[in-house]
Amino acid sequence: MNLDFSQIAPSMPYILKGLQVTLQIVAVSALLGFALGTLLALCKIARIKALGFFADAYTSIFRGTPLVLQLMIIYYGFPQITGYDISAFLAAVIAFGLNSGAYMSEIIRAGIQAVDKGQTEASMALGVPYRKMMGDIIFPQALKNILPALMNEFISLTKESAVVTVIGAADLMRRAYIVGGETYSYFEPLLFVGLVYYLLVMILTLVGKAVERRLSKGD
C-alpha cells in the first residue's frame, strides 16, 4: 500500500467544513422526521380507518423505495413539474425528513402501543381529554421506551446523509471527492472522512446512552 496522507493534510480543514453542512442536514431532517413520524403514528392508531390507510401507504412507499431515488426525484424531478429550482440543502432536508418520518412512525407507534392500556383506560375514566392524555401521560412513557430505537434511527440518518453528495451538496463526502480529484488520490480523503463519520457516530452513541441512563434514574 502506498498511502500518503501528507498530500491531503492541507485540504483537511476544507473537508471538515463539510461537517457543518452534514450536521445541519441531519439535525433539521431529524426534527422534521420526528414531527412527521409522531403525526403518522397517531394516524395509525386512530379509529378513523382512512387516516390509518394513508399512514400505512405513506410508510410503505418511503420504506419500499431507495432513499437516493427519493432525493433525486425531489431535487431533479420537482423543478421539472413546478418550474422552480430547489437548493441541494432543502432537497436533502425534505427527502431525509420524509424518509425518516416513515421509519420513526413505526417506532413511535410501537412505543405508544407498548404503554400499559390501563393508563389509557384510567385517563378516559377520569375524563382526561384525548390530546392531554397523549401529550402528558402516554407519549412521555412511550418516548422513554423507544429512546434507544430513536437514537439508532438518528445514527442511521447521520450515515445515510452521505448520499446527498449525488446532488452536489458540499458535505463531507462531496468535499472528500473534490480533494481526491485534485490530488488524484481518493483513498486517503475518503478514509479520513470515514474516520470523521465513525467518531461522529460514536459521540452520538455515547450521548444516547447518557440520556438513557438519566431517564432510567428518573424512574
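The numbers here are math on the coordinates, done by the rules we state, and not lab data. If you're wondering where the values come from, they're calculated on a predicted model, not measured in any experiment. All Cβ positions, glycine included, derive from the backbone under ideal geometry; neighbour counts span all protein chains shown.
At-a-glance table
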quantity: Rounded Å value of the spacing that divides the Cα centres of region 111-147 and region 29-101; calculated: 27
quantity: Helix 49-64 vs. the chain, principal-axis angle (Cα, 0 to 90°, nearest 10); calculated: 20
quantity: Pairs of Lys in the chain closer than 21 Å at Cα, counting only those 8 or more apart or on different chains; calculated: 12
quantity: Read-out Rg/Rh (Cα atoms, Kirkwood Rh), derived from the coordinates shown; its label in [x] 0.97; [y] 1.00; [z] 1.07; calculated: [z]
quantity: Fewest-first ranking of SER123, SER87, SER100, using other Cβ atoms within 10 Å as the exposure measure; calculated: SER87, SER123, SER100
quantity: Footprinting exposure proxy for THR205, THR38 (fewest neighbouring C-beta atoms within 10 Å first); calculated: THR205, THR38
quantity: Two-site FRET efficiency, LEU215 against LYS132, from Cβ-Cβ distance with R₀ of 25 Å, rounded to 0.05; calculated: 0.70
quantity: Full-extension gain in nm, GLN20 to ASN145, via 0.36 nm per residue minus C-alpha separation; calculated: 41.9 nm
quantity: Theoretical FRET efficiency, 1/(1+(r/R0)^6), r = Cβ-Cβ of ALA46 and ASN152, R0 22 Å, to 0.05; calculated: 0.25
quantity: Rounded tilt (10° steps) of 88-114 against the dominant C-alpha axis of the chain; calculated: 30
quantity: Cα→Cβ-extended label distance, 7 Å offset, between GLU182 and LEU39, nm; calculated: 4.1
quantity: Cα→Cβ-extended label distance, 7 Å offset, between GLU121 and LYS159, nm; calculated: 4.2
quantity: Relative exposure of SER156, SER29, judged by other C-beta atoms within 10 Å (fewest first); calculated: SER156, SER29
quantity: Relative contact order [Cα under 8 Å, 6+ residues apart], the chain, whole percent; calculated: 30
quantity: Of THR183, THR82, THR158, the one that fluctuates the most in a GNM where the chain has Cα springs shorter than 10 Å; calculated: THR82
